[in-house]
Amino acid sequence: MLRFIKQLSARIRKYKSVPVEYSTVISNMEVEGYGIISFAQWQHPKEEPKKITQKNIEFYKGLGVEGKIIIDIGTHTGDTTVPMGIAAGDRGLVIGLEPNKYVFKVLEENISLNKSKANIDAFCFAATDEDGDYVFNYSDPSFCNGGYLSEIENKNHNHFYPLDVKGKNLSLFLENNYADKIADISLIKIDAEGYDKEIIKTISKIIREQKTVLMVECYKKLNFDEREELFDVLEKLNYTLYRLLDCESLKGLKNIDRKQMHLTKHFEILALHEESELNVGDH
């Protein structure tokens, strides 16, 4: 019994440990056609270096985002947000959400580094069904890996480090703050560690009306039913799903049926509305 108590106490101390805040190192990348793009690389030991390429920016341009509004849900440090903003151009705008306050600091740095190249509005909250205070559970005490809403689950994912975050209903937020821009939303990217389908439901009215291009994630920890639910949510909105191999090319993409949601553990999805005029793969 004494041994058990000691082990439990050690575990509690571990989970309540003060997070280590890591610095950044600036990388200056020469990107053909776009000059020098600076990016603050977060020095968290679990973070891989980020790279922005010409193909990356052209990929987003190929999705028809120039002069349009992009919603980036789960920006992390901005490695998708910055090239999206550059692709959107002077008349475009990226609205980015990142609920993790430690990562958000790095995102803000990257926005500042590229303010002459990209228009980005960033907000430190999660896209939730209702406005309020939430708890995300992370797998490391420095909150690098993506968090889970405690209302979903944490045991199966071994995410035991809690972080208090703000949550807002994104549809209401956009109506209250960007009402004049909703009609120009052309792309919504969601990277929410398995919570993607729930976010889609909360913004389904916008998706249905604007018929936006969607980029979502079939997260590695989703079970059989959750994968099919993600497919069904998109199909009911009249979307065709494609497996996205990278964010550098739209050529040769193959559409995904319901059964194929189980063939690969983790993959990115490009979803196009049936009325979309984008030419990718078999579409």
Worksheet item: If we scan the stretch 102-109, do we find a residue that is closer than 16 Å to residue 40 by Cα and at pLDDT below 95?
Response: yes
Discussion item. I'd like the residue in the stretch 137-193 that is among the charged types (D, E, K, R) and modelled with pLDDT under 85 and, out of all such residues, is surrounded by the most Cβ atoms within 10 Å (Cβ to Cβ).
Written reply: 140
Discussion item. Among the residues that make up the stretch 6-21, is at least one of them out of contact with any Phe, Trp or Tyr (no Cβ under 7 Å at 6 or more places or on another chain), of a type outside the set (Phe, Trp, Tyr), assigned to a helix (DSSP H, G or I) and at pLDDT 95 or above?
Written reply: no
Worksheet item: Given the conditions (1) of a type outside the set (S, T, N, Q); (2) on the phi > 0 side of the Ramachandran plot; (3) modelled with pLDDT under 95, which single one is not true for residue 220?
Response: (2)
Worksheet item: Does residue 232 qualify as being farther than 27 Å from residue 77 by Cβ and without any contact (Cβ under 8 Å) to a residue 12 or more places away in the chain?
Response: no
Discussion item. Here is a check on your reading of the model: is residue 269 closer than 19 Å to residue 58 by Cα and crowded, with 19+ Cβ neighbours inside 10 Å?
Written reply: yes
Worksheet item: From the set of residues in the stretch 206-230 that are among the acidic types (Asp, Glu) and under 14 Å from residue 265 (Cα atoms), which is surrounded by the fewest Cβ atoms within 10 Å (Cβ to Cβ)?
Response: 225
Worksheet entry | Matching entry among 186, 249, 171 (being in contact with a Phe, Trp or Tyr (Cβ under 9 Å, 6 or more places away or on another chain), polar (S, T, N, Q) and closer than 23 Å to residue 85 by Cβ) | 249
Item to complete: Scan the stretch 174-187 residue by residue and report those that are of a type outside the set (Ser, Thr, Tyr) and in contact (Cβ under 8 Å) with a residue 24 or more places away in the chain.
Response: 174, 181, 182, 183, 184, 185, 187
Worksheet item: Is there a residue being buried (at least 24 other Cβ atoms within 10 Å of the Cβ) and aromatic (Phe, Trp, Tyr) anywhere in the stretch 112-132?
Response: no
Practice prompt. Being among the hydroxyl-bearing types (Ser, Thr, Tyr) and either closer than 20 Å to residue 27 by Cα or in a loop (DSSP other than H, G, I, E, B) (or both) is the filter here, so list the residues in the stretch 57-116 that pass it.
Written response: 75, 77, 80, 81, 102, 112, 116
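The values are calculated or read from the model by the stated rules, or taken from the named source; none is laboratory data. Quick caveat, the model's predicted, so the values are computed rather than measured. Ideal geometry is used to build each Cβ from the backbone, glycine not excepted, and the neighbour counts take in all protein chains shown.
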